[in-house]
Amino acid sequence: MRGRFIAFEGCEGAGKSTQMRLLSEKMTSAGIPHILTREPGGSHISEAIRRIILDGKNGDMTDECEALLYAAARAQHLADTVVPALERGETVLCDRYIFSSFAYQGYGRGLSLSFLKEINAFAAENYMPDLTLFLDIPSSHAFARKHGADPHDRMEQAGEAFHRRVYEGYKALLREYPHAIAAVDCSGTKYETSAKIAALLQSRGLFGG
Ligand code: TYD
């Protein structure tokens, strides 16, 4: 049977990597074969593209170039890492995916959503996650949690207004794709959030079942 594909979304510092690690521990205990991967990156070529996109020295990059590089990294990551794991029957836990492009390049940068949908449909060959989890914590709280923006990370340097638009963008995407994206309230402890995520996946038959 083809594996499950679960993507994690949220603003910077929302706790995606912590939640992915906690879910991975639960899956290991339950004997569920899975991999953890991330975008942009998750394969040799895509990690090289990631370094170009995030490099703080590339401040002149156009929004169009940025959107195409994210889509290019996605195409290679799918081919190298995601699709082979799904075909082996493993669950794929992916840190960010297509909805990041809609939230950041669409709502954040202001590029047209129809352009983003088109390039991503081409890049991802319509591979969509079985479920996308949106870790819901406003961008201002998220940055406070991670003690401010990283001066070497081009995306983190995009400014507060940009990250507010990204958060509002995710909220709009939740309304547009209510079946594809589920919001997870992250106001409790990391263990409470982790329990909510496991229960949500179980209720959708995505935790083993
Ligand atoms: P990363 O350091 O992994 O950020 P985080 O820990 O918040 O996930 O860097 C990924 C950055 O790339 C992050 O700022 C979000 C951004 N991004 C996009 O703008 N579009 C995309 O399609 C993807 C996958 C990521």
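With respect to the conditions (1) away from the ligand (no atom under 14 Å from the Cβ); (2) open to solvent by less than 50 Å² (accessible area, probe 1.4 Å); (3) of a type outside the set (Asp, Glu), THR189 falls short on a single one, namely (2). Only strands (runs of 3 or more DSSP E) whose full extent lies in region 1-96 are considered here, and the ones with at least 3 residues that are open to solvent by 30 Å² or more (accessible area, probe 1.4 Å) and within 25 Å of LEU201 (Cβ to Cβ) are 34-38.
When the residues of region 124-158 are filtered to those that are part of a loop (DSSP other than H, G, I, E, B) and within 12 Å of the ligand (Cβ to nearest atom), the one that is surrounded by the fewest Cβ atoms within 10 Å (Cβ to Cβ) is HIS152. Only one entry in ILE52, ILE45 is without any contact (Cβ under 8 Å) to a residue 40 or more places away in the chain and either under 27 Å from LEU174 (Cβ atoms) or within 13 Å of the ligand (Cβ to nearest atom) (or both), namely ILE52. Suppose the filter is small (Gly, Ala, Ser), within 13 Å of the ligand (Cβ to nearest atom) and touching a residue at least 40 places away in the same chain (Cβ under 8 Å); does ALA75 pass it? So ALA75 fits the description; yes.
The values are calculated or read from the model by the stated rules, or taken from the named source; none is laboratory data. A quick note: this is a predicted structure, and the numbers were derived from the prediction, not measured. Cβ atoms come from the backbone with ideal geometry, glycine included; neighbour counts cover every protein chain shown. Accessible surface is based on the protein model in full, side chains and every heavy atom, while ligands, DNA and RNA are left aside. Shrake-Rupley method; radii C 1.70, N 1.55, O 1.52, S 1.80 Å.
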